[in-house]
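The values are calculated or read from the model by the stated rules, or taken from the named source; none is laboratory data. Here the structure is a predicted model, which means the values were calculated and not measured. Glycine gets a Cβ as well: all are built from the backbone with ideal geometry, and neighbour counts include every protein chain shown. For the accessible areas, the whole protein counts, side chains as well, though only heavy atoms, and no ligand, DNA or RNA atoms are used. Shrake-Rupley method; radii C 1.70, N 1.55, O 1.52, S 1.80 Å.
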Amino acid sequence: QVQLVESGGGLVQPGGSLRLSCAASGSIFSINVMGWYRQAPGNQRELVAHITSGGSTKYADSVKGRFTISRDNAKNTVYLQMNSLKPEDTAVYYCHIAIMLYDYWGQGTQVTISS
């Protein structure tokens, strides 16, 4: 059993910043990939960023240069620092981890960018 607890979402004005956190707990041996997806109303869920156990990262083109993903392996926690936020970043953000062949998802946290 693996649990993911997300925090850090909220309402911020355009140009502002937010930091999302996701802590994994439970039967964890080794987390291969940790990442964040998002889903806006009417859209499919899309990858925002992910980071491997070795520290390699991948970002969606739309967030490159604005978002930074990082992880603390000792705490089984992944972070997403979001800067220069735009209204089009508004979505529910989901934490995702991959352990062996299994995928786990957080409950989602709302991020709203509006003036």
For the chain, report the convex hull volume of the alpha-carbon atoms normalised per residue, in Å³, without decimals. 94
Scan the range 44-112 for chymotrypsin sites (Phe, Trp or Tyr not before Pro) in coil per DSSP, keeping those whose Cβ has at most 13 other Cβ atoms within 10 Å, and list them by number. none
Taking all protein chains as present, what is the carbon and sulfur share of the accessible area of the chain, in % to the nearest whole number, probe 1.4 Å? 48
To the nearest 10 square angstrom, how much accessible area does SER7 have with a 1.4 angstrom probe? 60
Would you please name the chymotrypsin sites (Phe, Trp or Tyr not before Pro) within the range 1-39 that are DSSP coil residues with at most 11 other C-beta atoms within 10 Å of their C-beta? PHE29
Per DSSP, the loop-located trypsin sites (Lys or Arg not before Pro) within the range 64-101 having at most 13 other beta carbons within 10 Å are LYS64, LYS75
